[in-house]
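Data block below; observations after.
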């Protein structure tokens, strides 16, 4: 592992603390749900932070920085006290402590008492076990395959192999015959078919979504499943979307689902609200402790994955635990004290934990940006608002923003710059950037904080301040807007403040507005905003197509409650035609042409503008108890997905106790 000498010295300093722990503590943020049905939570855990952004080099702002630093110190002291109190309270509440040398503690995933274990739920808050995104959490329930964002490939889990027919209308899946349920019964193709049919029957979010692209899921024998795609004009509607079922839908037992249906009278709302505390599952861990202090999973020592056809052994930690904290500050203190092993939280100046505090803490990369950046937090313009319906106004705001300040202060350098990775419809990974000809769109890129260029653009468009109040008008009305994101997401709040400051420099009044998360969600999903901030998808089996949909999809814009993208209701016929063509296109040159054109439209029209790049999941590890965590330079191809998500769960089989 990296920083070895430094860590050895650090371990000597914390060994006494580590040996004294009988039960550790985790950490937290301001989160909501993490299931596919409610996508808000994953973003929240990746964005919320209690750290204040760095101030500008001015006298006034330096004073503000000093004040913020004092406040942060006070908050950190309070958080440390809460951490110690929470540890005592948790031990008392459990009634059962888990040995520290058998327990892996997570932070940044669970933010309240778990309310259900139901993968079909629309309001689950179970971040510890339910996160069926492209890199699905594989601890309790399992998907057919595991996605690895490092190489963009699907790895076998419950499924052993899959293949399309020539015209991509049928996807055939072979299952691992060793796979079993926690009750000892065999996992079969009937379970797969019934899982899908139940999602559709009760119109869960996944059922509603996939049924648009899938005609049927059929079991042809015990270990073979055939997924038939919906066809239009002789072609599958969207093979990319069909493929994504392999790594995003948790498999459920047919017999158990029938029990749930029976006890709820096949009422759709009741089925989706069933807590499923008596669950049957295939994963390596099962629920053990769940209260308002702590959530713990216990290893199933009969787990099927120890078969030679899968992992060949059990995961090393007997318990996966997550203490529930109210905010990131408390979680960060717990990480620094060795009470958290794996932390999924944004930590301002994370490098100071090893460079200045000399702690045995490390990240995926030794240097900035420290994580595997894949997601693209972006600001969306509501193109139905007067003024913002003009591309010159949108583009001028985009040009005037100081992105380098956002990266340096809001992100404390934990993002590549736009000089390193120019803007486009794809993310900052080699796997995606191969799809765009950046030379062809170089003329549409803008330099950082180009206030002069933005003012010239507005002047040329005739959008001027005619009454001398310092604010430009459009159709006789001042250009005045609100820029919003949830309160408490401090790095995002700081980004919106920088956007507002850019507006002032070009004669556009932009006021920040930071409502509670629930109110923001209502605004964003119903297009009830002027400017809002949300993140484009990170790595996934459908990328970069999913990012194209995120920015342009008319289908998303027409949803009554839209979590998926195109929040500002931008419509472009050319972009829509490209999105329709991409899923069935196999020619690499043609795909590059498509994504380059989508990038040209995005940069020219500016319906949304990338503000930074960031990890899909944050990842910092403390090696005072456990070691041999994944790192970018270790050659193992295990992604930094917190030892829980997608192929990242492979890390649990390599962990070692610190001696």
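Some values worked out for this structure:
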| quantity | calculated |
| --- | --- |
| Ranked packing of 229-242, 383-396, 543-556, most packed first, by mean Cβ within 10 Å | 543-556, 383-396, 229-242 |
| Inter-label distance, nm, simple model (7 Å from Cα along the C-beta direction), residue 408/residue 461 | 2.8 |
| Net length gained if the chain between residue 604 and residue 526 were fully extended (0.36 nm per residue, minus Cα distance) | 25.6 nm |
| Cα gyration tensor category, rounded, prolate or oblate, for segment 176-335 with a/c compared to 1.5 | prolate |
| Residue exposure sequence - 654, 523, 292 - by fewest surrounding Cβ within 10 Å | 292, 654, 523 |
| Relative compactness, segment 373-615, computed as alpha-carbon Rg over 2.2 N^0.38 Å | 0.96 |
| For the chain, calculated [θ]222 nm from helices alone, where every DSSP H run of n ≥ 4 adds -39500 (n - 2.57) | -9500 deg cm²/dmol |
| Near-label residues of segment 629-656 by backbone N, under 11 Å of a point 7 Å along Cα→Cβ of residue 308 | none |
| Cβ-derived FRET efficiency at R0 25 Å, residue 448 paired with residue 385, nearest 0.05 | 0.45 |
| Candidate values (1) 49.0, 147; (2) 24.8, 77; (3) 25.1, 82, label of the one derived for Rg and Dmax of the Cα atoms in Å | (2) |
| Segment residue 352-residue 633, extension gain: residue separation times 0.36 nm, minus the distance between their alpha carbons | 99.1 nm |
| Sorted peptide list for 448-456, 195-203, 278-286, criterion being average Cβ within 10 angstrom, highest first | 278-286, 195-203, 448-456 |
| Efficiency of FRET between residue 221 and residue 573 - r from beta-carbon atoms, R0 60 angstrom, step 0.05 | 0.85 |
| Gained length - residue 469 relative to residue 262, 0.36 nm times residue gap less alpha-carbon distance | 67.8 nm |
| Peptide ranges 370-380, 215-225 listed from the most packed, as the mean C-beta count within 10 angstrom indicates | 370-380, 215-225 |
| Three-way shape label, segment 159-257, alpha-carbon gyration tensor, a/c 1.5 | oblate |
| Pairwise label distance in nanometres, residue 584 with residue 560, each label 7 Å out on the Cα-Cβ vector | 3.1 |
| The chain, relative contact order [Cα under 8 Å, separation at least 6], % | 20 |
| Estimated inter-spin distance, residue 434 and residue 519, nm [label 7 Å along Cα→Cβ] | 4.7 |
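Values in this text are rule-based calculations from the coordinates and carry no lab data. Predicted model only: the values in this text are computed from it and were never measured. Cβ coordinates were reconstructed from backbone atoms using ideal geometry, including for glycine residues, and neighbour counts include every protein chain displayed.
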